[in-house]
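Input: a single structure, listed below in structure tokens.
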Amino acid sequence: MRIAVVADVHSNLEAFEAVLQDARESGGFDVVWSLGDIVGYGPDPGACIQLLLGLPHVAIAGNHDYAATGAIGTEDFNPLAAEAARWTAAQLTLEEQVWLAALSAVQIEGEFTLAHGSLIDPVWDYLMSSEAAYEHLMRQTTPYGLVGHSHVPGVFFQTRSGAEAADPIDTPLDDQRFVANPGSVGQPRDGDPRAAYSLIDTEARRLVFRRVPYDIAITQAKMRAVGLPQYLLERLSLGR
Ligand code: ZN
């Protein structure tokens with residue numbers, strides 16, 4: 001099976017479409033796994049949900065998804081994220097809100113555990129350190145884990161007594177346990193503005209990290225047109 005793993009699409013339709021096109025041109029995919037935050041920040045929440053729903057998919061919830069349904073409050077969001085969350089909620093249909101609200105925070109798919117943040121706190125925790133990765137891996141019952149939320153691609157391998165961070169490069173599905181973050185489709189924060197995602201091939205036993213350029217100016221123009229905060233559109237060009 002070939003899996004396109006997307007995280008933190010954040011209502012960025014141009015980035016999402018570019019990633020799916022790249023996946024099709026890179027051997028295709030049987031299913032899309034969405035690691036949460038399909039909405040929030042960007043200008044096309046409904047269109048991104050509909051694009052995902054039109055494909056074979058597995059989806060879990062992120063903090064922005066729950067916030068857009070009122071399932072969690074926005075008190076813990078920074079002011080611009082909270083403003084975007086309120087705008088997002090107003091754009092969604094009732095059906096889209098019901099779908100988001102019903103998403104699980106954690107899901108196991110075969111050899112993989114999917115969570116937005118980490119297994120320490122599936123919705124909120126940022127998996128950024130080896131210490132946190134080790135704590136996560138201790139809770140992970142499958143050999144491999146996939147998380148989003150930090151918008152920074154990379155992988156933590158389990159070692160004898162901890163976890164070790166590695167760059168986002170091809171990762172074999174072998175006997176070394178890991179938790180990987182494909183990076184963010186719609187709002188990368190590692191200094192590279194290109195959309196990030198991963199492709200998994202369970203037969204070739206490999207996870208590959210991909211970066212895809214997309215027309216950032218179109219997304220920014222849409223954000224400007226609907227009055228989303230200036231900083232949120234500027235950061236797309238910077239990958240921050
Ligand atoms: Zn996010």
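Before moving on, here are some points about what is shown:
- Just one of the listed residues (Ser184, Ser150, Ser130) is polar (S, T, N, Q) and touching a His at 6+ places or on another chain (Cβ under 7 Å), namely Ser184.
- So Asp37, is it under 21 Å from Pro213 (Cα atoms), charged (D, E, K, R) and within 16 Å of the ligand (Cβ to nearest atom): yes
- Across region 102-133, the number of residues qualifying as under 17 Å from the mean Cα position of the chain (by Cα) and within 16 Å of Ala68 (Cα to Cα) comes to 6.
- Condition check for Leu94 on (1) within 22 Å of Val226 (Cα to Cα); (2) in contact with a Ser or Thr (Cβ under 7 Å, 6 or more places away or on another chain); (3) among the hydrophobic types (A, V, I, L, M, F, W, C); (4) without any contact (Cβ under 8 Å) to a residue 40 or more places away in the chain: one failure, at (2).
- Of all residues in region 7-34 being among the β-branched types (Val, Ile, Thr) and over 14 Å from Asp215 (Cα atoms), the one that is surrounded by the most Cβ atoms within 10 Å (Cβ to Cβ): Val9
- Region 72-87: number of residues that are among the small types (Gly, Ala, Ser) and more than 19 Å from the chain's Cα centre (by Cα): 1
- Any hit, region 46-61, residues being within 16 Å of the ligand (Cβ to nearest atom), at pLDDT 95 or above and under 12 Å from Ala85 (Cα atoms): no
- Scope region 131-142; condition outside any loop (DSSP other than H, G, I, E, B) and more than 26 Å from His10 (Cα to Cα); matching residues: Glu131, Tyr134, Glu135, Leu137, Met138, Arg139
- Test: residue in region 178-196 that is surrounded by fewer than 18 Cβ atoms within 10 Å (Cβ to Cβ) and in contact with a helix residue (DSSP H, G or I) (Cβ under 6 Å, 6 or more places away or on another chain): no
- The residues of region 35-59 that are of a type in the set (Gly, Ala, Ser) and under 17 Å from Glu95 (Cβ atoms), listed by number, are Gly46, Ala47, Gly54, Ala59.
- Residue under evaluation Val31, criteria (1) closer than 20 Å to Thr202 by Cα; (2) within 16 Å of the ligand (Cβ to nearest atom), criterion not met: (2)
- Residue ID - nearest to the ligand (Cβ to nearest atom), chosen from residues in region 62-96 that are surrounded by fewer than 18 Cβ atoms within 10 Å (Cβ to Cβ) and polar (S, T, N, Q): Asn78
- Being at pLDDT below 95 and touching a helix residue (DSSP H, G or I) at 6+ places or on another chain (Cβ under 9 Å) holds for only one residue in Asp125, Asp121, Asp215, and it is Asp125.
The values are calculated or read from the model by the stated rules, or taken from the named source; none is laboratory data. Note that the structure is a prediction, hence the values are computed from the model and not measured. Because the Cβ atoms are built from the backbone with ideal geometry, glycine has one as well, and the counts that use them run over all protein chains shown.
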